[in-house]
Amino acid sequence: MSFLRPKFITFDCYGTLTNFQMGPLTRELFADRIAPEQMDQFVKDFAAYRLDQVMGDWRPYDEILKTALARTCKRWGIDYREEGQLYYDAVPTWGPHADVPAGLSKIADKIPLVILSNAMDSQIMSNVEKLGAPFHKVYTAQQAQAYKPRLQAFEFMFDNLGCGPEDILHVSSSFRYDLMSAHDMKIKHKAFVARGHEAAGNAAYGYQQITDIGGLPGLVGL
């Protein structure tokens, strides 16, 4: 990387830092309606509809989940039983990936850490408190009135941090939600955390790949 100390390290939260358990919860809730050999595709379809829902105007996250799940059930020809609220209520209970607290602790007192999350204000702090490191700022889709991958979310973060794309290292385990948009926003310094839930992207996006947050200190010379 061309610099070792960005002004801020900015993170996606769910999936990157917090162990986002939409897949396991879906497998549990729909075990009586989806055959085991079809479950992987059902989980993928639910993820696709969640992404589609956040591409429009901002709506509360519980509505995003409920609508995405209802659309998935309709596509599969099965009953939707209002499970969307169960997902929403579960999110704040999820903790970090095992590698996160130690990795963040090596950086937090040297470079300000920032979260930009597709969350509601009432959800996110429960997850952040479990990460084991202090964060300088935590921004949500509710505050930005836009979900990633929309560029408005990143613009909101820049405006509130008082910085530009050249000042940050953005870290995410998702190209579709974060790193493609970060590239469009001219964020040169990006790190892809290869959690396994999304394949690496085109090298033209210009990113460093790490296997977990334990690899992040090395990218910033710590």
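The values are calculated or read from the model by the stated rules, or taken from the named source; none is laboratory data. All values derive from a computational prediction rather than experimental measurement. Using ideal geometry, Cβ is built from the backbone for each residue, glycine included, and neighbour counts are taken over all protein chains shown. Note: accessible area is taken over every heavy atom of the protein model, side chains too, but ligands, DNA and RNA are not part of it. Shrake-Rupley method; radii C 1.70, N 1.55, O 1.52, S 1.80 Å.
Yes/no matrix, rows are residues, columns are (1) out of contact with any Leu (no Cβ under 9 Å at 6 or more places or on another chain); (2) over 25 Å from GLY103 (Cα atoms):
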{"site": "LYS137", "(1), (2)": "no, no"}
{"site": "LEU161", "(1), (2)": "yes, no"}
{"site": "PRO165", "(1), (2)": "yes, no"}
{"site": "SER174", "(1), (2)": "yes, no"}
{"site": "LYS186", "(1), (2)": "yes, yes"}
{"site": "ALA191", "(1), (2)": "no, no"}
{"site": "GLY201", "(1), (2)": "no, no"}
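When you look at LEU17, is it modelled with pLDDT of 95 or more, of a type in the set (A, V, I, L, M) and over 20 Å from GLN143 (Cβ atoms), yes or no? So LEU17 fails the test. Contact map, the stretch 43-66: residues that are in contact (Cβ under 8 Å) with a residue 60 or more places away in the chain paired with residues that are polar (S, T, N, Q), Cβ distance under 8 Å, separation 6+ or inter-chain. Pairs shown: VAL54/ASN118; TRP58/GLN142; TRP58/GLN145; PRO60/GLN142; TYR61/ASN118; TYR61/GLN123; TYR61/GLN142; ILE64/GLN53.
Taking helices (runs of 4 or more DSSP H) as the structural unit, those lying wholly within the stretch 66-159 and holding at least 2 residues that are farther than 22 Å from PRO217 by Cβ and under 14 Å from the mean Cα position of the chain (by Cα) correspond to 121-129.
How about the stretch 121-148: which of its residues are more than 16 Å from PHE8 (Cβ to Cβ) and open to solvent by 20 Å² or more (accessible area, probe 1.4 Å)? Scanning the stretch 121-148 gives ASP121, SER122, MET125, SER126, GLU129, LYS130, GLY132, GLN142, GLN143, GLN145.
Tallying residues that are open to solvent by less than 50 Å² (accessible area, probe 1.4 Å), among the aliphatic types (A, V, I, L, M) and assigned to a helix (DSSP H, G or I) within the stretch 174-185 yields 2.
Only one of the numbered conditions (1) surrounded by fewer than 21 Cβ atoms within 10 Å (Cβ to Cβ); (2) in the same structural domain as ILE210 (by the TED database); (3) assigned to a helix (DSSP H, G or I) is violated by ALA48, and that is (2).
Annotation note: of ARG59, ARG75, the sole residue that is open to solvent by 60 Å² or more (accessible area, probe 1.4 Å), more than 28 Å from GLY132 (Cα to Cα), in contact with an Asp or Glu (Cβ under 7 Å, 6 or more places away or on another chain) and not assigned by the TED database to the domain that holds ALA146 is ARG75. Considering each residue of the stretch 149-167, count those that are closer than 19 Å to TYR14 by Cβ and in contact (Cβ under 8 Å) with a residue 12 or more places away in the chain, and give that number. Adding up the residues that qualify gives 6. Residues of the stretch 177-219 that are within 15 Å of the chain's Cα centre (by Cα) and of a type in the set (Phe, Trp, Tyr): TYR177, PHE192. Just one residue in the set ARG75, ARG81, ARG71, ARG59 is of a type outside the set (Asp, Glu) and at pLDDT below 95; that residue is ARG81. The set of residues in the stretch 186-222 being assigned to a strand (DSSP E or B), free of Cβ contacts under 8 Å to residues at least 40 places away in the same chain and open to solvent by less than 50 Å² (accessible area, probe 1.4 Å) consists of LYS190, ALA191, PHE192, ILE210.
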